[in-house]
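Working notes for the structure below.
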Amino acid sequence: MGAKPIQERIAVVGLGYVGLPLAIALAKACDEVIGFDVNTRRIAALNAGDDTTREISAEDLAQTTMTFTDDPAALAGASMFVVTVPTPITDEKRPDLRPLESASRAIAPALSPGAVVVYESTVFPGVTEEFCGPILEEVSGLERGKEFFLAYSPERINPGDTVHTIDKVVKVVSAEDEATLDRVAAAYEAVVDAGVYRAKSIKVAEAAKVIENTQRDLNIALMNELSLIFDRMDLRTIDVLRAAGTKWNFLHFRPGLVGGHCIGVDPYYLTSKAEALGYNPQVILSGRRINDDMGRFVAQTTIRRLVMMDASVRRARVGVLGLTFKENVPDLRHSKVADVVHELRSFGVSPIIHDPVADADEAKALYDIDLSPLQDFQVLDALVIAVCHDQYVEMALPSLCGMVRTGGVIIDVKSMLEPEQIRADLNYWSL
């Protein structure tokens, strides 16, 4: 068998939704790939053949040649480092660069002359060169641009998406010089069938990534604002969108709860940089406010509907189906369903919550939410269908409606059901 196409020893730092699929793909084209993560439980699970993110099958984990480790010493000798750690925001909605700093400090002692460090984490323009680069220089004692080199290739992983996988989506690549760009492009070209796009600079690539999710955030915000308007007109938003969608250039976005670690977070990286430069962004932050408030709106609509049906709010039995930020994905970070639950609690309601893919311990730790079995969803005054997990989609309509008492309420956040199919004695509403 001939040599594999990637002639690098690669270390992938951060093995979450982004890093693990990338590392698995690289290992098929490279003789040696090290997967590093500080989460010892995560490493133990991967070594046992279990990916809790559900992105990689047990079969693929068993077949991979890569090594999983939580020991920074194992990074020594790598010629290319790929950083895929999360970039969250603080409670004040400012960029939290601590994961990037920690990753850079873990990498720096392992740097050797000629090494390349590729960052994939979503950041505002300038972070790679102005924040990460100096940390690597300080800790390693090596000179950037001469003894080690920086690159940036924004991740485009879509959790739970089995169609737009890493090999099928064009990969943007950038680096501080042409020779480094050639190395990075060659590595990604070996695993990305769709090819790579060479950005003009690292800052251009950083900016391209942060506006991808900002654009999507704003389009969903428009749909959410339209849904607020149409609700006052007693129009079902999905009916309007289906009609408008018959035009060839209509963009097919839907209203909903915008959570997760990307769309609901990334725009704040751009707006914080803009504010630091003296510009007060208006459209982006306006869209963020609309999307951030949708969980509260859904909860308040549930309360209003209960009142309309003469239900006692404080004694109401309310069930919520789904807690994760996205269907069929176990990720609970920044779930806006939690906002719905907390707002319901502010009215004295104690909702029960079910999710077939979420981790119960994580739900409790993040949101103080206890998950309940589906058999508890009986004689409900209101049912909130918050996340369209396959398990819920595949349930027979009578089973879903059967959870709700006569005269009860169904709140269909994602318009999973059709009003004509709902029992006449139920009060149905969709976003």
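The values are calculated or read from the model by the stated rules, or taken from the named source; none is laboratory data. Quick caveat, the model's predicted, so the values are computed rather than measured. Cβ atoms come from the backbone with ideal geometry, glycine included; neighbour counts cover every protein chain shown.
Each residue in segment 155-191 was checked for being surrounded by fewer than 22 Cβ atoms within 10 Å (Cβ to Cβ), in contact with a helix residue (DSSP H, G or I) (Cβ under 9 Å, 6 or more places away or on another chain) and assigned to a loop (DSSP other than H, G, I, E, B), and 6 pass.
Condition check ((1) over 25 Å from GLU343 (Cβ atoms); (2) assigned to a helix (DSSP H, G or I); (3) of a type in the set (D, E, K, R); (4) not assigned by TED's automatic domain parsing to the domain that holds TYR367) across all residues:
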| residue | (1), (2), (3), (4) |
| --- | --- |
| HIS252 | yes, no, no, yes |
| PRO255 | no, no, no, yes |
| VAL258 | no, no, no, yes |
| CYS262 | no, no, no, yes |
| SER272 | yes, yes, no, yes |
| GLU275 | yes, yes, yes, yes |
| PRO281 | yes, no, no, yes |
| LEU285 | no, yes, no, yes |
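Only a single criterion out of (1) within 22 Å of the chain's Cα centre (by Cα); (2) surrounded by fewer than 20 Cβ atoms within 10 Å (Cβ to Cβ) is not satisfied by LYS414, namely (2). Considering ARG94, ARG144, the condition of being surrounded by fewer than 22 Cβ atoms within 10 Å (Cβ to Cβ) and free of Cβ contacts under 8 Å to residues at least 40 places away in the same chain is satisfied by ARG144 alone. Considering each residue of segment 266-284 in turn, at least one proves to be surrounded by 23 or more Cβ atoms within 10 Å (Cβ to Cβ) and within 30 Å of ASP50 (Cβ to Cβ). Screening LEU26 against (1) among the hydrophobic types (A, V, I, L, M, F, W, C); (2) free of Cβ contacts under 8 Å to residues at least 40 places away in the same chain; (3) touching a strand residue (DSSP E or B) at 6+ places or on another chain (Cβ under 8 Å) leaves a single unmet condition, (2). Scanning segment 391-411 for residues that are more than 17 Å from ILE352 (Cβ to Cβ), within 28 Å of the chain's Cα centre (by Cα) and in a helix (DSSP H, G or I) gives a single hit, VAL393. One residue alone among PHE124, PHE81 is assigned by TED's automatic domain parsing to the domain that holds VAL12, outside any loop (DSSP other than H, G, I, E, B) and on the phi < 0 side of the Ramachandran plot, and that residue is PHE81. Is there a residue being in the same structural domain as LEU426 (by TED's automatic domain parsing), among the aromatic types (Phe, Trp, Tyr), under 16 Å from ILE303 (Cβ atoms) and more than 17 Å from the chain's Cα centre (by Cα) anywhere in segment 371-390? No, segment 371-390 contains no residue that is in the same structural domain as LEU426 (by TED's automatic domain parsing), among the aromatic types (Phe, Trp, Tyr), under 16 Å from ILE303 (Cβ atoms) and more than 17 Å from the chain's Cα centre (by Cα).
When the residues of segment 324-349 are narrowed to those that are assigned to a loop (DSSP other than H, G, I, E, B) and among the acidic types (Asp, Glu), which ends up farthest from THR301 (Cα to Cα)? Give the steps one after another, and end with the answer.
Let us first name the residues in segment 324-349 that are assigned to a loop (DSSP other than H, G, I, E, B), namely 324-336, 347-349.
Within this subset, residues satisfying the condition of being among the acidic types (Asp, Glu) are 327, 331.
Numbers: GLU327: 22, ASP331: 26 Å.
The selected residue is ASP331.
Given THR237, THR246, which one is of a type in the set (Ser, Thr, Tyr), in contact with a strand residue (DSSP E or B) (Cβ under 9 Å, 6 or more places away or on another chain) and modelled with pLDDT of 95 or more?
Working: THR246 fails: in contact with a strand residue (DSSP E or B) (Cβ under 9 Å, 6 or more places away or on another chain).
Testing whether each residue is of a type in the set (Ser, Thr, Tyr), in contact with a strand residue (DSSP E or B) (Cβ under 9 Å, 6 or more places away or on another chain) and modelled with pLDDT of 95 or more leaves just THR237.
Within segment 115-127, the presence of at least one residue that is hydroxyl-bearing (Ser, Thr, Tyr), surrounded by 14 or more Cβ atoms within 10 Å (Cβ to Cβ) and in contact with an Asp or Glu (Cβ under 6 Å, 6 or more places away or on another chain) is confirmed.
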